[in-house]
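A.B. asks: The structure is given below, and queries will be raised subsequently.
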Amino acid sequence: MKIINIIAPNIKSGGGKELLEYLLEYINDNYVDILVNVYVDTSVNVESTHARNVFVITSELSKVILFFKRFENVIYFGNLPPIRKSTNSLVYFHNTYLLMNLKKIFSNNSTFINKVMCLAKQFYIKFFVKNVDFIACQTDVVGKQFKAKYSHENIKILPFYRVCEKISMEKKFDYCYISLAHPHKNHKNLFDALNILEVNKINLSMAVTVESSKKELIQIIEDINKRGIIKIVNFGVVPKEKVCEVYSLSKCLIFPSLEESFGLPLIEAVDMGLDVISSDLDYVCQIINPYKPIDIKEKFHLVINRYKEFEGMGKKSLKIAKLNFEPTNIVKSFLENI
């Protein structure tokens, strides 16, 4: 039986966790002759099967030892390469924080410890990236940035994502923003834009998925709801099935994120037939300036007052949605060399 090792103890939540789960599910369903050894963090709930061995990494020391180990036929699924050379190997890179320059690292809203850790990881990647055969990225934009940042030539674009099952439901929300509330996801500016609309007595409803631990944002949501003009329903952290349901209940995705390696909700929303308002950055079509709440507010007005003119702007993202949505190429890259 052929063996693929997947090293993923750095994956804990969000899009990375969803992609990991999809990759494991896809291999299990489509490659019966492959045994997968997967190494995961305690926060990732993956079950062992007849063709999958799951090893849970419970400490930082265990993680360091794991990255010292020499593997063959291995995917490092958490942005970081191994300390020792592995054969038939790749790093699946999907963290744009690790592409930031020094000025940008220390000007963002994360904690000082997180800034230092980001810088340390960048030095680590630069030093050890030669220990894998190639880097796999989700978009050409990220691939070019990685090449420029780390002077690494062997980069492949291997995107994949899991589409939602389409469900016909009555629309309950005007907008949705499906994302954990990391600083770069720009929730604060989004809610500031809603406050501006509220002053103009604009009524609308929005679904969000903000973690309960984000106390400041939770309080802002409560304050907005108390005033009764704009309604925000926070579902918290939800599984994929619930995410798909929220899309089905919504008319339009608002996506003001400042940093993305792929922007999975953009693809999911377009595939589900939603319109899209998104950031004016390289990873999406040019629609809004995400740095200014007033600009986000202006696009809300565009939708509210001239919806027919705006309708379908999100379909420009279809060029992203046409990317390969199955992890076929990643698996094939190993089968060719096993």
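Where a number appears in this text, it was derived from the coordinates with a stated rule and is not lab data. All of these numbers come straight from a predicted model, not from anything done at the bench. Positions of Cβ are backbone-derived with ideal geometry, glycine not excepted, and every protein chain shown enters the neighbour counts.
A.B. asks: Would you order Thr139, Thr49 from fewest to most other beta-carbon atoms within 10 Å of each residue's own beta-carbon?
C.D. replies: On the way: Thr139 19, Thr49 12.
By the 10 Å Cβ count, ascending, the order reads Thr49, Thr139.
A.B. asks: Taking the number of other C-beta atoms within 10 Å as the exposure measure, put Val331, Val199, Val40 in order starting with the fewest. List each step's numbers first, then the result.
C.D. replies: Details: Val331 20, Val199 9, Val40 25.
Fewest-to-most Cβ neighbours within 10 Å comes out as Val199, Val331, Val40.
A.B. asks: What is the calculated FRET efficiency for Val56 to Val163, with r their C-beta to C-beta distance and R₀ = 35 Å, to the nearest 0.05?
C.D. replies: Working from the Cβ atoms, E equals 0.75.
A.B. asks: Could I ask something else about it? Tell me, Ile135, Ile125 in order of fewest to most beta-carbon neighbours within 10 Å? Please report the intermediate quantities before stating the final value.
C.D. replies: On the way: Ile135 25, Ile125 22.
Sorted ascending by nearby Cβ count, the order is Ile125, Ile135.
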